[in-house]
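Engineer: Following this message is one structure expressed as structure tokens.
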Amino acid sequence: MVYQRVLNSFSSYIARMCYNLKTPYCLHIADNYCLEFDETLRGRIKKVLFNRLIKYPVHFICQTDIQQKNLKRYGKQATVLPNILPIESVLCNKSNTEFKVLWVANIRPVKQLREFLNIAKECENQAEIEFIVIGRKDNISVEENSSLNILKNVIYFGELGQKEVLTNGRITCFDEYFSISEGFSNTFIQAWSRGIPVLSLNSDPNGLIEKYKVGFIANGSIKKVKESLILLSTNSMLYKEYSKMYKPF
């Protein structure tokens, strides 16, 4: 069997190869963006390659019900698996005087680190809030790199392994979700399994954030992200309500 995580430009060639070799092919859809086809040249090429792909037998795995519905539009069924990694549950305790906000992603434009850093800049007078950035600089802008070095309330740790990311028990809020397009990020589950609420700019996979009250979804509003952040950092009762340990699988 051939398993591929993330639909991309050569998926149709893998599908054809597997068909010719009579080998099962499993394709894991990991974000919403790969199933969106606009009228740009890039979008049209993506659509052509996708249409080639679905001519062949493909078993689709996706992470959210939105992705499952998108595939149904093309007559394809998919199995929804939010996460296939074992995540250990460890309760993180909030200090009364510290509030650390963690952002984790490989740094590139689609992840919108600049928006996170803009909020950090606006919160420079909030002495109790500290912003932490973890991730490899895949394609960081000059402006983002400058902000990482200048902002005194931001600490950049570079790239860390999975076990190192959440070992700090004082992490009190989690945000990787400024991304333009996400599926069901592993970091959502890593946060929830430790009782850490999530602030998400765009993504609420399967409606779990609102349904279980394990964070805030801002529906694209940077202003709402900042308001929610300050609310969580100043209201201990509300923080306790939103810091439930939860595993969505």
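Engineer: Sort out for me the helices (runs of 4 or more DSSP H) sitting completely within the range 70-173 that have 2 or more residues that are at pLDDT 90 or above.
Structural biologist: Once the helices (runs of 4 or more DSSP H) in the range 70-173 are filtered for at least 2 residues that are at pLDDT 90 or above, what remains is 113-122, 142-150.
Engineer: Now for a different question. So which residues in the range 15-31 are farther than 22 Å from residue 80 by Cβ, open to solvent by less than 80 Å² (accessible area, probe 1.4 Å) and among the hydrophobic types (A, V, I, L, M, F, W, C), if there are any at all?
Structural biologist: 18
Engineer: Ok, one more. Restricting attention to the range 15-30, does a residue exist that is among the β-branched types (Val, Ile, Thr) and more than 26 Å from the chain's Cα centre (by Cα)?
Structural biologist: Checked against the condition, which is being among the β-branched types (Val, Ile, Thr) and more than 26 Å from the chain's Cα centre (by Cα), the range 15-30 yields at least one hit.
Engineer: Residue check: is residue 41 open to solvent by 90 Å² or more (accessible area, probe 1.4 Å) and more than 25 Å from the chain's Cα centre (by Cα)?
Structural biologist: Yes: the conditions hold for residue 41.
Engineer: Which ones in the range 17-40 are out of contact with any Leu (no Cβ under 9 Å at 6 or more places or on another chain) and modelled with pLDDT of 95 or more?
Structural biologist: If the condition is that a residue be out of contact with any Leu (no Cβ under 9 Å at 6 or more places or on another chain) and modelled with pLDDT of 95 or more, then 17, 18, 19, 20, 21, 22, 23, 24, 25, 26 are the ones that fit.
Engineer: If we scan the range 7-27, do we find a residue that is in contact (Cβ under 8 Å) with a residue 40 or more places away in the chain and closer than 18 Å to residue 184 by Cβ?
Structural biologist: Yes, the range 7-27 contains at least one residue that is in contact (Cβ under 8 Å) with a residue 40 or more places away in the chain and closer than 18 Å to residue 184 by Cβ.
Engineer: Does residue 34 qualify as being more than 18 Å from residue 68 (Cα to Cα) and buried (at least 16 other Cβ atoms within 10 Å of the Cβ)?
Structural biologist: Considered against the rule, which asks whether it is more than 18 Å from residue 68 (Cα to Cα) and buried (at least 16 other Cβ atoms within 10 Å of the Cβ), residue 34 comes out as no.
Engineer: Closer than 21 Å to residue 2 by Cβ and of a type in the set (Asp, Glu): is that true of residue 31 in this structure?
Structural biologist: yes
The values are calculated or read from the model by the stated rules, or taken from the named source; none is laboratory data. Values in this document were obtained by computation on a predicted structure and should not be read as measured data. Cβ coordinates were reconstructed from backbone atoms using ideal geometry, including for glycine residues, and neighbour counts include every protein chain displayed. Calculation scope for accessible area: heavy atoms of the full protein, side chains included, ligands and nucleic acids excluded. Shrake-Rupley method; radii C 1.70, N 1.55, O 1.52, S 1.80 Å.
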